[in-house]
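Student: The structure is given below, and queries will be raised subsequently.
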Amino acid sequence: MKLEIVRTVKEIRDQVLEIKAKGKTVALVPTMGGLHDGHLSLIKKAKEVADYVVVSIFINPKQFNNPSDLETYPSNEKADLKNIEHLGADIAFIPSVKEVYPDKFATDVKVTAGIDILCDAHRPGHFDGVATVVTKLFLQVGADFACFGEKDYQQLFIIKRLVADLNIPIKIISAPTVREKDGLAMSSRNARLSKSDRKIAPQLQQAMQAIKDEIHSGISIEKACDNAWKSLDSFTVEYLEVRCGEKMVLMDKPSEGCRLFAAAWLGGVRLIDNIEI
Ligand code: PAF
């Protein structure tokens, strides 16, 4: 099937209803464009779990708490469509801001678990914007599955919660973080790193790996994080924390399923990452 490009809620609903009437399943990969190999791995995963794949591209203004971040967010619809088509996705859903948030729009979805910590402590309101748009996309598309990357682990946690709490009939599928050869977690924002900062950026993941190794050699989580924080002198670190991957509770001792979460600024670009400890 050739890639269909649809821009309205009515069109995407009709197309998905038609697919489902044939007894076929649909997976949604929500994106804000600027597609990289991390997104492409989600599209591949979506193709494994469902008969048809819808990729949405929508730069959601509600989740940007910094106007210049929104203005400079990478966008290249032509290149994105080429990648989506190449991977064999079936439909690209590219609504306008007016289509998603028409005049008089006045509803927010607010998840109250997994917030006030990590990114939410530094980007207040960001996850309300994510929860609102993701709920809308789920209701608009009516897919059976939706795929999200573990790089945005807190986002994944919040989305799983909202799906359970609002009884949305969709299965959330997660996929591991995809990294550059030098270990940097892939992100659309990496394109905004200067040439020299791009060389420094993998130090964040290296410092995280060092924390993991130190914890495994018996050094306390607090000391290991402190050592890494001091070593990251080119960055402005926001947090380095070990939390339980299931409940997101802060840990002072490692245990099964716990993860190290990091966020740091490098030359005006905010990098986030997480790894299992
Ligand atoms: O992870 C993202 O790209 C966005 O937060 C999402 C899930 C597409 C919602 O706008």
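Student: Express in whole angstrom the spacing between the alpha-carbon centres of the stretch 109-136 and the stretch 214-277.
Tutor: 21
Student: Based on the alpha-carbon set only, what is the convex hull volume of the chain divided per residue, in Å³?
Tutor: In the chain, the Cα hull volume divided by residue count equals 132 Å³.
Student: Straight-line reach only, C-alpha to C-alpha below 17 angstrom: list the aspartates and glutamates that Lys212 could link to, leaving out same-chain residues fewer than 8 apart.
Tutor: Hits, sequence-local ones excluded: Glu222, Asp226, Glu241, Asp252, Glu256, Asp273, Glu276.
Student: Turning to a different aspect of this structure: Considering the zone a paramagnetic label at Val249 would reach in this model (a point 7 Å from Cα along the Cα-to-Cβ line), which residues of the stretch 103-117 have amide N under 12 Å from it?
Tutor: No residue qualifies, since no backbone N sits under 12 Å from the label point.
Student: What residues from the stretch 230-261 fall in the zone where the backbone N is under 11 Å from a label point 7 Å along the Cα-to-C-beta line of Glu276?
Tutor: Within reach of a label on Glu276, which here means backbone N under 11 Å from a point 7 Å along Cα→Cβ, the stretch 230-261 contributes 256-259.
Student: Another question about this same structure. With all protein chains present and a 1.4 Å probe, how do His39, His216, His86 order by accessible area, largest first?
Tutor: Descending accessible area places them as His86, His216, His39.
Student: OK, next. Set the bar at 27 Å for Cα to Cα. Now go through Lys45/Lys78; Lys47/Lys195; Lys78/Lys171 and name every pair that lies beyond it.
Tutor: Those over the limit are Lys47/Lys195; Lys78/Lys171.
Student: Tally up the carbon and sulfur contribution to the accessible surface of the chain as a whole percent, 1.4 Å probe, everything protein left in place.
Tutor: Heavy-atom surface of the chain belonging to carbon and sulfur, 1.4 Å probe: 51 percent.
Student: Using the alpha-carbon atoms, what tilt in degrees (0 to 90, nearest 10) does helix 37-49 show relative to the longest principal axis of the chain?
Tutor: 50
Student: While we're on this one: With all protein chains present, calculate the accessible area of Lys110 using a 1.4 Å probe and round the result to the nearest 10 Å².
Tutor: Looks like 130 Å² after rounding.
Student: Subtract the Cα-Cα distance of Asp226 and Ala79 from 0.36 nm times their separation in residues, and report this length gain in nm to one decimal.
Tutor: Length difference between fully extended and current span is 48.8 nm.
Student: Next up: Stokes-Einstein at 20 °C, 1.002 mPa s, Kirkwood radius from Cα pairs: D for the stretch 187-252 in µm² s⁻¹?
Tutor: My calculation gives 163 µm²/s for D.
Student: Next up: Relative contact order for the chain: what is it in percent, counting Cα pairs under 8 Å that are at least 6 residues apart?
Tutor: Result for the chain is 17 percent.
Student: From largest accessible area down, sort Asp128, Asp51; use a 1.4 Å probe on the protein chains.
Tutor: Most to least solvent-accessible, the answer reads Asp51, Asp128.
Student: Express in Å², to the nearest 10, the accessible area of Arg161 obtained by rolling a 1.4 Å probe over the protein heavy atoms while all chains stay in place.
Tutor: Arg161 exposes around 100 Å² with every protein chain in place.
Student: Calculated FRET efficiency, Thr112 and Glu71, Cβ-Cβ r, R0 45 Å, to nearest 0.05?
Tutor: Working from the Cβ atoms, E equals 0.90.
Student: Report, in debye and to the nearest 20, how large the dipole of the stretch 168-257 comes out about its Cα centre when Lys and Arg carry +1 and Asp and Glu carry -1 on their Cβ.
Tutor: Taking the Cα centre of the stretch 168-257 as origin, the dipole is about 460 debye.
Student: Sticking with this one: Rounded to the nearest 10 Å², what accessible area does Met32 have for a 1.4 Å probe in the complete protein model?
Tutor: Roughly 30 Å² of Met32 is accessible to a 1.4 Å probe.
Student: Same structure again: I need to check one value: relative contact order of the stretch 1-77, counting alpha carbon pairs closer than 8 Å and at least 6 residues apart, in percent.
Tutor: Relative CO of the stretch 1-77 lands at 31 percent.
Student: Related question: Which Cα, out of Val249, Asn60, Met1, lies furthest along the positive dipole direction of the chain (beta carbon charges, K/R +1, D/E -1)?
Tutor: Towards the positive end, the residue furthest out is Met1.
The values are calculated or read from the model by the stated rules, or taken from the named source; none is laboratory data. As the structure is a computational prediction, the values presented were derived from the model and not from experiment. All Cβ positions, even for glycine, are placed from backbone atoms using ideal geometry, and neighbour counts span all protein chains on display. Protein only, heavy atoms only, side chains kept; ligands, DNA and RNA dropped before computing areas. Shrake-Rupley method; radii C 1.70, N 1.55, O 1.52, S 1.80 Å.
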